[in-house]
Every structure is written in structure tokens, then in C-alpha cells.
Amino acid sequence: MRPTIQLGDWGSAIDVLFVENGTPLPIGGADEVLLKLKRPGRDTVEKAASIVDGDAGHARYVIEEGLIDGAGEWMVQGFVSIPGVGAWHTERGTFLVDSNL
């Protein structure tokens, strides 16, 4: 089952894991960690994410007020850049934004 967020909600966290060939990718030395969020039928926004556990490749973005402004299926993808090492994207994921009464 896909995660669901209600339209207009904020303060919820979106977590991503960076893995390569099934193994967590250490991201502690990253100079850029982003979440890319594609709104249904609209633009893609990039938001800075925080490293939760660098050794486990775990990053998090806490949704800001005003971002979740359209109902439907949203896509999310993480991006990390580590100087002198490389840059990686996570697999794309989806979540549902449900309208309110």
C-alpha cells in the first residue's frame, strides 16, 4: 500500500534510502542531498534533505507548509552528490495526496 498524505498537510517526513546493488550507500561525505518531488501533472521541485544515518544511506525531508497543494499521485526521488566519489539517484517512489472534505 502506498503512503498517503492529506492535501495541505505539512510536518510529515519523507525518508529515502540510497542503495547500490542492494547495499546501503554511505552518504556521510555528501555535499548535496536532495529530494525531487513531482507534482501530479505539474512541475518538479527540489528540496534539501537531511542525512539521518550516513552509513545506512538514510536521508529525510520534512514537508514544508504550502508544498502539498495538489491531490493525486506524487513521485519522489532522492539525489546525493559526494565530492570526488560520484552522484546517485534513488529509485523513484510514489505517494498519494488525498483531498479533504
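The values are calculated or read from the model by the stated rules, or taken from the named source; none is laboratory data. Given the structure is predicted, the values throughout are model-derived calculations rather than measurements. Counting neighbours? That spans all protein chains shown, and the Cβs are built from the backbone with ideal geometry, glycine included. To get the accessible areas, we keep the full protein, side chains included, count just its heavy atoms, and leave off ligands, DNA and RNA. Shrake-Rupley method; radii C 1.70, N 1.55, O 1.52, S 1.80 Å.
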- Of everything in the stretch 58-73 that's open to solvent by less than 20 Å² (accessible area, probe 1.4 Å) and among the hydrophobic types (A, V, I, L, M, F, W, C), which residue is nearest to the chain's Cα centre (by Cα)? ALA59
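ILE14 - would you say it is under 24 Å from TRP88 (Cα atoms), of a type outside the set (Lys, Arg), in a strand (DSSP E or B) and touching a strand residue (DSSP E or B) at 6+ places or on another chain (Cβ under 8 Å)? Talk me through it step by step, then tell me what you get.
Details: under 24 Å from TRP88 (Cα atoms): yes; of a type outside the set (Lys, Arg): yes; in a strand (DSSP E or B): yes; touching a strand residue (DSSP E or B) at 6+ places or on another chain (Cβ under 8 Å): yes.
In short, yes.
State all residues of the stretch 40-98 that are over 28 Å from ASN21 (Cβ atoms), among the small types (Gly, Ala, Ser) and assigned to a strand (DSSP E or B); if no residue qualifies, say none. Show your work before the answer.
Looking only at the stretch 40-98, we keep the residues that are over 28 Å from ASN21 (Cβ atoms), and these are 40-43, 45, 62-73, 96-98.
Going one step further and asking which of them are among the small types (Gly, Ala, Ser), we end up with 41, 66, 70-72.
Answer for the stretch 40-98, where residues must be over 28 Å from ASN21 (Cβ atoms), among the small types (Gly, Ala, Ser) and assigned to a strand (DSSP E or B): just GLY72.
For the stretch 90-98, state whether one or more residues are closer than 22 Å to GLY11 by Cα, open to solvent by less than 40 Å² (accessible area, probe 1.4 Å), among the hydrophobic types (A, V, I, L, M, F, W, C) and under 9 Å from the mean Cα position of the chain (by Cα). Even if it seems obvious, please write down each step before you answer.
First, the residues of the stretch 90-98 that are closer than 22 Å to GLY11 by Cα: 92-98.
Now restrict to residues that are open to solvent by less than 40 Å² (accessible area, probe 1.4 Å): 93, 95, 97.
Subset that is among the hydrophobic types (A, V, I, L, M, F, W, C): 95, 97.
Among the residues that remain, those that are also under 9 Å from the mean Cα position of the chain (by Cα) are: none.
Looking through the stretch 90-98, none of the residues is closer than 22 Å to GLY11 by Cα, open to solvent by less than 40 Å² (accessible area, probe 1.4 Å), among the hydrophobic types (A, V, I, L, M, F, W, C) and under 9 Å from the mean Cα position of the chain (by Cα).
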- Residue count, the stretch 1-57, condition open to solvent by less than 40 Å² (accessible area, probe 1.4 Å) and out of contact with any Phe, Trp or Tyr (no Cβ under 7 Å at 6 or more places or on another chain), comes to 6
